[in-house]
Amino acid sequence: MNKRLHTRLAMLIIAIATGILLISTVSIIGGTHYHISMYQAQAAGAHHDFPQLGYHLEQALIQSILWTFAGSIVLSVLIGFYTAKRISAPLVDMKRVAERMSDGQLDARVKLDGKDELAELGSSLNKLAEQLHKQEQLRVTMTEDIAHELRTPLATLKSHMRAFEDGVWEPTPERIHSCYEEIERLTDMVAELEDLTHMESQAFHLERKEEPLVSMIAKGVDLVSAAYLEKKIKLSFSCSPDIRIVADRKRMIQVLVNLLGNALKYTPESGEVRIEAVEEEQHVLIAVQDSGSGIAREDLPYIFERFYRGDKSRNRKTGGSGLGLTIVKKLVNAHGGQIWAESSQGTTFYIRIPKVSRSF
């Protein structure tokens, strides 16, 4: 690769320089010979030995031009190989780094020198390596998290089935229901993983159209109202019927249901959860506020990561698969919005999403 690229670049530069010099040499020699011939014809009647003088003058010019041509060729060869080496060296370095990356050495980086296009190419390759490194770390972490999440319910089911098989336990409705709950946890996690994988694929797209926000909030509240009544938690919302957004109705309802389900898990009995939507200049701000135990300050930056659970707000006993908030963030971002959480006495999730501009 090094020799081929180096030689091709050198030969290209040498060919260009040689061609220009060859054309210049032929032109100068031809022009000099023509004008000296004209001079000899005009001075033919004179008594001086002008033909001999003209011959020596022409030879001197031709020799000087040929020496200039030879020197220029040598110079162009030196410059060509030097320039080709300077150009090919960073490219060869990038090739070696790319080969190391393909072998799994994702910490390989290109040495940057200068601010030209090759340096920009090297910088882009380094950024790609960083992204690949992060993605690989996420992949490893996600694999470990999935294995960890599957291990507990599978171990529980295995112990229950072994106890039933050995006659240690009677298959009572309560114990069978316990097995059913573990199976439900596994089913929900697999479904959420499939949904999340679909969202991250190139085929994922939203079916967006203009919708009144209040109808989506009302639908989300209706879907979780029975669970809230069972736990005796007050659920209310406030939204102007004039607020309209361009959104995928099904996906926005999914966002609201996930947030309301999250609030339900961490709000104690007789608590309260409230949704409020207000208009801003170019956006709509949706707040989902609960009166639960809150989220620790050190956990807030990580709550939207896959399988993350804080010590208080997200544990295996009360939590779900650890993917719900990750899915919520993906969907909000797909709508061109932002989501974040604040926690003091209870937790409030904020969604800022573009609204439909009304023309008057």
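From the Cα trace of the chain, what convex hull volume per residue do you get, rounded to a whole Å³? All intermediate terms of the calculation are to be shown ahead of the outcome.
Numbers: hull volume 92.2 nm³, N = 360.
Looking at the chain, the number lands at 256 Å³ per residue.
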Checklist entry - For region 174-184, what does the Karplus curve 6.51 cos²θ - 1.76 cosθ + 1.60, with θ = phi - 60°, yield as ³J(HN,Hα) per residue in whole Hz, taken in order and with x for Gly and Pro? => result 5, 6, 5, 5, 4, 5, 4, 4, 5, 5, 5
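Taking square-rooted eigenvalues a ≥ b ≥ c of the alpha carbon gyration tensor, is region 153-312 rounded, prolate or oblate, where a/c under 1.5 means rounded and, failing that, a/b exceeding b/c means prolate?
In terms of gyration-tensor shape, prolate.
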Next on the checklist: Report the Rg/Rh value for region 187-269, based on alpha-carbon coordinates and the Kirkwood definition of Rh.
Outcome noted: 1.02
Checklist entry - Hey, if you put +1 on the Cβ of every Lys and Arg and -1 on every Asp and Glu Cβ in the chain, which of Gln202, Gly220, Ser72 ends up farthest toward the positive end of that dipole? => result Ser72
Checklist entry - At what distance in nm do the modelled label points of Gln131 and Ile16 sit from each other, each positioned 7 Å from its Cα along Cα→Cβ? => result 3.2 nm
Checklist outcome for this item: Contour minus Cα-Cα span, Asn333 to Ala119, at 0.36 nm per residue, comes to 73.8 nm
Checklist entry - Spin-label point model (7 Å from Cα, Cβ direction): what's the Glu280 to Arg109 distance in nm? => result 3.5 nm
Checklist entry - Setting aside same-chain residues fewer than 8 positions from Lys95, which lysines have a Cα under 16 Å from its Cα? => result Lys3, Lys85, Lys111, Lys127
Item to check | Förster radius 30 Å - calculated FRET efficiency between Ser344 and Ser215, Cβ distance, rounded to 0.05 | outcome: 0.45
Checklist outcome for this item: Rounded to the nearest 10 degrees, the helix 2-42 long axis (Cα) sits at an angle to the longest Cα principal axis of the chain of 30 degrees
Item to check | Accessible-area value, Lys231, 1.4 Å probe, nucleic acids and ligands omitted, Å² | outcome: 60 Å²
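Out of region 144-219, which GluC sites (Glu not before Pro) are coil in DSSP terms and have no more than 12 other C-beta atoms within 10 Å? Before the final figure, lay out the partial values.
Values: sites: Glu144, Glu149, Glu165, Glu174, Glu181, Glu182, Glu184, Glu192, Glu194, Glu200, Glu207, Glu210; in loops: Glu200, Glu207.
Here the sparse-neighbourhood loop sites are Glu200, Glu207.
So for the chain, averaging the separation of alpha carbon pairs under 8 Å that are six or more residues apart and normalising by length, what relative contact order in percent results?
Relative contact order for the chain comes out at 12 percent.
Helix-only mean residue ellipticity at 222 nm, the chain, DSSP H runs n ≥ 4 weighted -39,500 (n - 2.57), per residue, nearest 500. What is it?
Value at 222 nm, helices only, nearest 500: -22000 deg cm²/dmol.
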Checklist entry - Once label points are set 7 Å from the Cα along Cα→Cβ at both Val168 and Glu182, what is their separation, rounded to one decimal in nm? => result 1.1 nm
Checklist outcome for this item: In degrees, nearest 10, the alpha-carbon axis of helix 117-166 is tilted away from the dominant principal axis of the alpha carbons of the chain by 30 degrees
Checklist entry - Using the Cα gyration tensor of region 263-302, with a ≥ b ≥ c the square roots of its eigenvalues, what is the shape: rounded (a/c below 1.5), prolate (a/b larger than b/c) or oblate (neither)? => result oblate
Item to check | Förster radius 22 Å - calculated FRET efficiency between Ser201 and Ala227 (Cβ-Cβ, nearest 0.05) | outcome: 0.10
Checklist outcome for this item: Taking only the alpha-carbon positions of region 77-188 as identical scatterers, the Debye log10 I(q)/I(0) at q = 0.10, 0.15 Å⁻¹ comes out as -0.56, -0.77
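Using only the Cα atoms of region 159-214, construct the convex hull and provide its projected area averaged over every direction, in square nanometres to one decimal.
For region 159-214, averaging the hull's shadow over all directions gives 7.2 nm².
The values are calculated or read from the model by the stated rules, or taken from the named source; none is laboratory data. Note that the structure is predicted; figures quoted are calculated from it, not measured. Every residue, glycine as well, gets a Cβ built from its backbone with ideal geometry; the counts of neighbours run over all protein chains shown. For the accessible areas, the whole protein counts, side chains as well, though only heavy atoms, and no ligand, DNA or RNA atoms are used. Shrake-Rupley method; radii C 1.70, N 1.55, O 1.52, S 1.80 Å.
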